[in-house]
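Engineer: Below you will find the structure I want to go over with you.
Read-outs throughout are calculated quantities, based only on the coordinates presented, and are distinct from any laboratory measurement. Since the structure is predicted, the reported quantities are computational estimates derived from the model, not experimental observations. Reconstructed Cβ throughout: ideal geometry from the backbone, glycine too, with neighbour counts over all protein chains shown.
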Amino acid sequence: MCYTLLVMFVGLVLLEIFAGPISALFGLSGGTEKMCIQAMRIVSLSFLFAGANIAQQGFFQALDAGVQSLVISVCRQLLFVLPVAWFFSLFARQSMDYMWLVWLTFFIAEGISMGIGTIFLLQINKKVIGTLT
């Protein structure tokens, strides 16, 4: 978990610092480039939660808890992303000033999924790991 969080933290810092030069690689201009930089900076905030989710999924698979791993995967990639993005897109349709809300979806989905994964880890700790000691 520590290594995963470290790698994701480094990715977050690099993307925050180099969002401008990275967006320049795509040949964007004006408002599109500004929107790309904003999106990268907001989405990169979800990296820490994503790293924790990926590590948790590995834990679940190693401890023969594949269902919990599947639940986390579905939550972070489908269940929380689509409805939240749709809801936020209603505001973004009214004004492009609210487009940043759509990118916030990833942060919210990863955060909620990490919370669910933490609950699963506590349950597995009690049932599986607690019985080993």
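Engineer: Please list, in order, the residues from segment 56-77 whose amide nitrogen is less than 18 Å from a point placed 7 Å along the Cα→Cβ vector of VAL128.
Structural biologist: The answer is 56-74, whose backbone nitrogens lie closer than 18 Å to the label point.
Engineer: For a label point 7 angstrom out from the Cα of ALA92 toward its Cβ, which stretches of segment 25-40 have the backbone nitrogen within less than 15 Å?
Structural biologist: Inside the label zone: 32-40.
Engineer: A further question follows. Which residue, ARG93, ARG76, ARG41, tops the fluctuation ranking in a GNM of the chain built on C-alpha contacts under 10 Å?
Structural biologist: Fluctuation is largest for ARG93.
Engineer: OK, next. Scale the Cα Rg of the chain by the rule-of-thumb value 2.2 N^0.38 Å and send over the ratio, two decimals.
Structural biologist: For the chain, the normalised Cα radius of gyration is 1.24.
Engineer: Among the helices of the chain (complete DSSP H runs), which have Cα atoms covering no less than 18 Å along the helix axis and a Kyte-Doolittle mean of at least -1.0? Walk me through the intermediate numbers first.
Structural biologist: Working: long enough: 2-17 (22 Å, 2.34); 30-44 (21 Å, 0.24); 47-62 (22 Å, 0.74); 81-94 (20 Å, 1.19); 99-124 (39 Å, 1.68).
Answer set is 2-17, 30-44, 47-62, 81-94, 99-124.
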